[in-house]
Structure formats: structure tokens, C-alpha cells
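Each remark here refers to the structure printed beneath this line.
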């Protein structure tokens, strides 16, 4: 079978090219792009930007670049689309009948609506400067500008809300830690008071020293009276008034000594073990109280530091370029697409023609 080169060229190149040219020139809907340039900054000065806490955690990327990525996700999200649809009625606009079959949503469901909207929003983030470029496409230049203005305002609200929320959460966490330390400090103070009431002492060290001094004095008096009693018995009988008086004093001193010793003794009468236990328990409580005092001071300083840092770390958008009112058509690039279509069709024709010629040679 012999193929006509003219017919082949006509069906592969001429007719498709005429259809494509007719579509690009007469049917394809012109779209205008309103453009804006933004950058995410922190509340502090430029020296503090490197220390700012990012709204999104992504490894070692620059803080503001991470925030720009987060903002990109928000602009293309269902949340912002819902707001824009309520204000600009985008779903009806995208679904209405148009001559250009490619510029409308044929099946107007949720997924198609979101996908179509995302195609109208063009976003680029410069990793070096962190400049955030946004474009919005629409057949109406003014409509494109208005929608983009609203996107910028919603983005500003989003960045402010998220950064304030993060700062608030950090402050609440620091304050909760402070409250916990304060509660522990109050508890240990109550434990010290309960310990003092239970042992009927204010300071074990001072009370032990005081009791020991009293015991030493009483024991010294006891020894003195015992010596005096021995001397009196050398020339007096036990029935004499002086000897009976000395015995009464000695018994009284012994009772006082036993009483003072009982204040330092446990149930088994071990005074030395009780003194050690009381002293160690009291010292443990004092050390824990001192530690919690220092921890409370540190936590209080941390809360104040968080308050100062939160002011510097609040994020906001800076508009380098306000949304423009486009004059030139952004897409489609009619001449470009027409030339590319011709080149592709010519290439296809060449491949088909070469294939057919090869088959014909083998047959002959």
C-alpha cells in the first residue's frame, strides 16, 4: 500500500495545526496575572532574626524560609479557598459556561474545585532572600488584583495568629513550670513546719546544743552534790537533815537529767540515733528547700525572658510589592504555543514518514 505524502502531511500536520492555531488565537481564554512580593520578618531587629523561632520545623533551613513554606501551604489550602469562595463566589465563576472548554470546571466537585484554584495561584520562594512571590490568574485584571489583595490580608492574619499562638504556648509552658516549682516550694515549707511541730523544735542544731548545755550543767551539779553528800556522810548519819537534803537534791537532779535525755531519745531510749536521724531529716528538708528556691528564681527569670523574646519573635508580613493591576496577558502565550505545536507536529510527521518509508522498502 502506497501512502500519499501530501495526504499524510495534511492529516498529521496541516489539520491539527489549523485546529490548534484556531484554538490559541480565537478560543483560548486570556488570563491576567496580578503579582505581589512578600517577606516574613520577625518583631525584633535584623540581628535577632537568626534566633527567631520558626513557625514550621524543617531541619536546618532558615527560619523565615520555613515560614514562607508554611505560608505557601496555607495559601493553597482548603481553609483560605473557603473564605475566598464566600467573598468572591469562585466556585460559580469557575464552573460557569465558557467558550474555552479548558478554562472551566466541568465536574464541579470539591477536589476539582481545589485543584483548579491551586492552578490559578502561582507561588515562588527564593531560598536566598526568602522573598515570597505570589501571582493569581484570572480573565479579569481587576478581579485578579482584588483576590490577590485578599490573599495577602489573609496571609498576614495567618502569620500573626500562628506566631502569637506559638509565643503564647511557650509563655504558658514556662509559667506552668514556674507554678509547679512554686507549688513544690510551698509543699517543702509546709513539710519543714510540720517537722518542727512534730518534734517540738525550731532548729535541731540550736535545740540539741541547748539541751546538751543543760545536760552538761545538770551533770556537773550532780557530781558536785554527790561529792558534797560523800563528805557529809563522813561525819553525819543518813538520818541527819543535811544528808537527807543532799539526797533530795541529787534525786531531783537525776530526774531533770533523765527528762532532758528523754527529749533527745527515741522510743527505745537511743538518744544518739534519734539526734542523728532528726538532724539528717531536717538538713535534707533544708537542702531541698534551698534547691527549690534557686529553681524558682531561675524559672521566674525564664518566664521574664520568654516574655521579652516573644515580642521579638512575633512574625509579620512585609509587602515588598503590592498586588499589581496587570495590563498584559499572562497566558496563553499564543505565538509560543503555536510555534511549539508546529514543531511537534512536524516531528511527528517526520517520524511517521520515516517509519512508513522503511516498511515500504522492506515490502519491495
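The values are calculated or read from the model by the stated rules, or taken from the named source; none is laboratory data. Quick caveat: nothing in here was measured; it's all calculated off a predicted structure. In this analysis, Cβ positions are derived from the backbone assuming ideal geometry, glycine residues included, and neighbour counts consider all displayed protein chains.
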- Query: Pick from segment 309-322 the residues that are out of contact with any helix residue (DSSP H, G or I) (no Cβ under 7 Å at 6 or more places or on another chain) and assigned to a helix (DSSP H, G or I): which of them is surrounded by the most Cβ atoms within 10 Å (Cβ to Cβ)?
  - Reply: 309
- Matching residues in segment 123-182 (in contact (Cβ under 8 Å) with a residue 40 or more places away in the chain, out of contact with any helix residue (DSSP H, G or I) (no Cβ under 7 Å at 6 or more places or on another chain) and within 16 Å of residue 320 (Cβ to Cβ)) number 8
- Task: Would you be able to say whether some residue in segment 56-64 is in a helix (DSSP H, G or I) and at pLDDT below 80?
- Result: yes
- Of all residues in segment 323-364, count the ones that are touching a strand residue (DSSP E or B) at 6+ places or on another chain (Cβ under 6 Å) and either surrounded by 15 or more Cβ atoms within 10 Å (Cβ to Cβ) or free of Cβ contacts under 8 Å to residues at least 12 places away in the same chain (or both). 4
- residue 205 assigned to a helix (DSSP H, G or I) and either over 30 Å from residue 286 (Cβ atoms) or modelled with pLDDT of 75 or more (or both): no
- Item | Unique match (being assigned to a helix (DSSP H, G or I), at pLDDT 90 or above and in the same structural domain as residue 150 (by TED's automatic domain parsing)) among 38, 84, 49 | 84
